[in-house]
Each structure stands twice: as C-alpha cells, then as structure tokens.
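Worksheet: the structure to be examined is printed underneath.
Please treat every number below as a calculation from the coordinates, not as lab data. This structure is a prediction, so every number in the text was calculated from the model and none was measured. Note that we place each Cβ from the backbone using ideal geometry, even for glycine, and neighbour counts take in every protein chain shown.
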C-alpha cells in the first residue's frame, strides 16, 4: 500500500461565476492526496469526475503539476452520471442534465489554453424527484438510468417523466416507495445487464430491515439473482472480462462469477465504498463517511471505520493494493459516483454564465455558411465552438 503520510494538499477551484471563495469556504472544499496521484492520472491518460449530493457538487479531479486540481461545480443533489470524451449526463434532484464537448471553446477560457475538453450544457429533462442512481448509455446512444424511488430501470422519451423498461420480478408494481433500493447498473456489450439492490423486498423501504447482508446482484437478461447475502452492494461493473461490485457495508471491492455467483474479495478500503470506475488496471473507488442515521447502522463498516474517511482510493486490480488516494478534509463527507474520463486530463464543465450564452453548436452544413462581419473575427470551428458574437 502506498504510504498515506506522503501527501500533498490539493488545489481547488470553485465556480467561475461565483464571488471569490472566502477562507472558510476554501477549508470546506479542502482535500489532501498522495504525491503520486497526479502522475498516476497522467500515466493512465485520464481524469475523474466525482458527484456528491450531500455537498451539492460535481468535482473534477484534474492533474495540475504536482497537485490534483479539485474543480467544483454546483448542482442540486447530483448523483448518477455517465461520461466519455464527447458527452456527459448527470442525474440531479428533479432532472437529467446533458452536456456536449465543445473543445474549440477552450481557447476562450484561459490564455494560454489548457483545457482539453469543455462540456457545455445542451438540454435538461425533467424527471421529477425520483432518486436517480446510476446511469449509462447503450450501444445505440440511448441513456438508461436507475429510478430508485420507483424500483425500476428507465429510459427517456419526449413526453414522459421517465419510461420504465424493467423492474425486479419480486417488486409487484410501480410505486414511489423505494421498495428494494435498486441502485447500481452495469453494462455488458452495450446493453444493460447487471443491477444491485439492497433487499429482495416488496414493501415500502422494506430493504431497511436487513441492511447488513440483505443485498443482491441481479442478471436482468436471465431475470435471476446471481448472488445474495451482500452487504449494501453498489456500483456493479463489467471490466476486463470480470464482474465487479462494491460491498459498501464491508468496504470491499469484490469480483463475482456471473454464472455460479461465487465471489472473492480483491481489496478492502477504509470507508463506505460507493462509486467505481476503472482506468487500465486501476480501480477508482469512492469512499464516504457514515451518517449517524438508520441508513448506516448495523453494517460492518460502521463498526470498523472509526476515522470516517471520504475521498477517492486508487486500487490496483491485480494486487488489491491501494496505490494512491485523495481524501476530502472539509465539507465533502459523502461520495456518490466516480466516473473516469479516458483521454481527457483537464476538462471544464459549463452550465451557466457568459460562455454558455455566446457559444453555439451548429450542424456541419450550416457551419460552412457562417460568415463574420469583419476580417478580424475568427472563423467558427468545425466542432461548433464559436467565438464571441460579432458587434
């Protein structure tokens, strides 16, 4: 394990549109990390997005010299997300917000330019408050998301708040009652395949009665339970030919045989593990402190986690060793989702402000006919990043 004592303070930046951040707020956004974390991200060729509904922030972990730049964007209860180099979807309190990468806008953000991706808001779909958990795109570009309040897996259309596409067979009907706490979603070969729930229950919040080992991992294609007895499972993933899941109640990264259901611990982490993604051989695991509420009682990690750590732990999937970590030291007490962005090191996310008002995305055919009133005006970029509106 990497020595956690070898740490460096993380640099952070708050919303560009906000006033200067006072010292008290800076402390609330504080974090420390092992000194190797920035180079680890550079070697892997990617950065990380972290959502925390508890703090109302989407955090970008970006390598910045010898530090991790923790860049904060404010949203109303951000939870599940899906992202790649071209698009980002974020589940918030009552909506799903969608963003598109417009890299030509980067030259307007800083001189000299340093951002290699700029995700601008494109649309929002009002779902109502349905406790959106994990989400992912399928091979055709359709967005799937876990609707935890109604205990089902959903997609979107243009008329409905959400379109239920599948629910566990043991849940008898749709109701806003969180009957089994369906939460995690894993894709395989471009299709939704594996889901986690905290209980095989069919009563309002019935899962709460057995949090310690009532969790299950489901194969939706065959409509069967792969394995039972999990401790608050979250974040199933299909990666490198193996099925992974976090047992949050034990602070464990686990592999599961998708046929037999046999499971094996790969690593243990010192916190409530929720939020998982991979870059190469490294698993990035979100850790949360434990709330003093009924949701976090009667589970193993409550008894073992006296330090109550929150942050992101980097674990080598071959050895199970922690190779780097970032620990939040202030107001970020819970992590919900961790999303890797391969091929992107220093992105920006814009959902309000001047740049959103004066940047335009047009179809390629229309871009060829864009002209500016003076020769000094730069041409529009082919990817839709436009310069400021001409006088």
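Comparing 362, 276, 198 in a Gaussian network model of the chain where C-alpha atoms under 10 Å apart are linked, the largest mean-square fluctuation is found at 362.
Could you work out which residue, out of 364, 178, 116, moves most in a Gaussian network model of the chain, that is, has the largest mean-square fluctuation with Cα springs under 10 Å? Result for the chain, Cα springs under 10 Å: 364 fluctuates most. A Gaussian network model of the chain, with springs between Cα atoms under 10 Å, assigns the largest mean-square fluctuation among 286, 190, 141 to 141. The distance separating the Cα centre of segment 349-372 from that of segment 317-343 comes to 34 Å. Going from the fewest other Cβ atoms within 10 Å to the most, the residues 167, 100, 179, 250 appear in the order 100, 167, 250, 179. Sorting 42, 208 from the fewest to the most surrounding beta carbons within 10 angstrom yields 42, 208.
Cβ crowding within 10 Å ranks 109, 246 as 109, 246, fewest other Cβ atoms first.
Across the chain, the relative contact order, built from alpha-carbon pairs under 8 Å that are at least six residues apart, equals 17 percent. Of the beta bridges in segment 7-359, as assigned by DSSP with both residues counted there, near 95 percent are antiparallel.
Using a/c under 1.5 as the rounded threshold, could you call segment 173-291 rounded, prolate or oblate? The axes a ≥ b ≥ c are square roots of the C-alpha gyration tensor eigenvalues, and prolate needs a/b larger than b/c, oblate otherwise. Judged from the Cα gyration tensor, segment 173-291 comes out oblate (a/c at least 1.5, b/c at or above a/b). Classify segment 75-215 as rounded, prolate or oblate, taking a ≥ b ≥ c as the square roots of the eigenvalues of its Cα gyration tensor: rounded when a/c is under 1.5, otherwise prolate if a/b is larger than b/c and oblate if not. Prolate, because a/c is 1.5 or more and a/b exceeds b/c.
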